[in-house]
Each structure stands twice: as structure tokens, then as C-alpha cells.
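What follows is one structure encoded as C-alpha cells, with my remarks underneath.
The values are calculated or read from the model by the stated rules, or taken from the named source; none is laboratory data. Here the structure is a predicted model, which is why all the values come from computation and not from measurement. Please note: Cβ atoms are built from the backbone with ideal geometry, for glycine as well, and neighbour counts cover all protein chains shown. Accessible surface areas use protein heavy atoms only, side chains included; no ligands, DNA or RNA. Shrake-Rupley method; radii C 1.70, N 1.55, O 1.52, S 1.80 Å.
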Amino acid sequence: MLNKKLLSLAASAALVAVFAGCSGDDGSKGVDGVTTTDLYTPATSDFRTPVQAAAEQILVAEGLTVEYMTRDVANHADMGEFYPYGSLTPTHFITCVESGHEEIDSATGKLNPSVQSIDLETGEVTTHVRGMERCDGARVTPWGTVLVTEESGADGAAYEIIDIMNVNDHQVTDRAAGTIVDGIGSVTASTKVIKR
């Protein structure tokens, strides 16, 4: 089951890579002569509905099947990597969420999701870090940490997440000062997420 999920996730990542390679256009020009309409069904008014099957959204070669691993990943999920580093049987896919720094719940002070993981066996999504500005790079290190970066010009930063599977909802509350707390509404400094 895990190998099928990895293949499905790898195929999705490959499609994202193809679309990302279409710099300077909306994706309709394609790469190396392959247009995006050769790879997926173009958007219509009912594109990406909550009940839509994956096969209704993506055209695949005859004999292949597709399915959603999860529908709970934050909007704008972007660059990612398998975890743990170098494993032939990874357990998670770590992804950046390329959205702006914003408060999404004023009652709790909850900030935008920035770094999430997808459990490759269950599809469960966990938010590890919140409050970054346009997280757009995630790398798993050989020493077991995860490095993530912001794509936000001169004030962008890099953060290192130590023991990511035990980090949940840590928040970057002040990007300039590098203030990171260990939970939503917390005032306790994080010891597991460090601005570099």
C-alpha cells in the first residue's frame, strides 16, 4: 500500500514540477512541447469540488489510476520533501505552504499554516509551523532536522525545525525579531524552531 501511495505522491510531485517549470506563463504553454491540457482537465466552474474524484481532475495514461491521499493540506502547499532523510521507506512528506503571514483566528491568535507534513500511510496532515511569510523551500537534512525558507525578498528568513514530528503549531509571531513560540496562544519560546 505504501509503495502505491509513494508512486501516487511522486506522480503528483512530478505534475507540480512540470507546471512549476512553466515560468512566465499561466501554465498553458507547457514544457518541452507538452501542454498542461495534455496532463489534466482544464478548470471549469466545478473544478476542485469537495466531492470530486481525482480521476475527474487529472487525465492519466491508460492503465494508471489516481486518488487523493488527503484533501486537508493547506491551500498553496508548495515545495516539499520525503521524511526521514534518505529513507527508502519514508513515513511523511514535508511541505511548505506559500501563503502570507496572517492571523486566521483573532480569538486564539492562530496564524497561517506554513509547514505541514502528510503521513504517507494515513494521509493525516499535521501543521508544524505557522506564521512564516511565503514558505517556499523545504529540505530534510542528514542530521534529522528540516530547513525551511521564506520567499519574501530582503526580509525572508531560514528556519530550522528540530525533531519535526514532535513540533505542532509552533508560531513565528515576530518575523523581524525571530520570535517563535511553542504553540497557538503561547508565550513560551520555542526550542525546536530556530531562525537562522
For the stretch 38-152 the mean separation of alpha carbon contacts under 8 Å (6+ apart) over residue count, i.e. relative contact order in percent, is 20
Please report Rg (one decimal) and Dmax (integer) in Å for the Cα set of the stretch 63-192.
14.6, 53
For Ile58 the rounded accessible area (nearest 10 Å², probe 1.4 Å, non-protein molecules ignored) is 40
For the stretch 47-126, what mean projected area does the convex hull of the alpha carbons give, in nm²?
7.5
Cα-Cα pairs in the stretch 98-155 separated by more than 15 Å, as a whole percent of all pairs, come to 57
Net charge near Val148 (other residues with Cβ under 9 Å of its Cβ; Lys, Arg +1; Asp, Glu -1) is -2
Paramagnetic reach from Ala107 in the stretch 166-196 [backbone N under 18 Å; point 7 Å along Cα→Cβ]
184-186
Could you tally the net charge around Phe93, taking each other residue with its Cβ under 9 Å from the Cβ of Phe93, Lys/Arg +1 and Asp/Glu -1?
-2
Return the distance in nm (one decimal) between the two label points of a simple spin-label model at Asn75 and Ala177, each offset 7 Å from Cα along Cα→Cβ.
3.1
Using alpha-carbon positions, the gyration tensor of the stretch 149-192 gives root eigenvalues a ≥ b ≥ c; with a/c under 1.5 called rounded, otherwise prolate if a/b exceeds b/c, else oblate, the class is oblate
Quick calc, the stretch 148-196, dipole around Cα centre from Cβ unit charges on Lys, Arg (+) and Asp, Glu (-), nearest 20 debye, gives 120
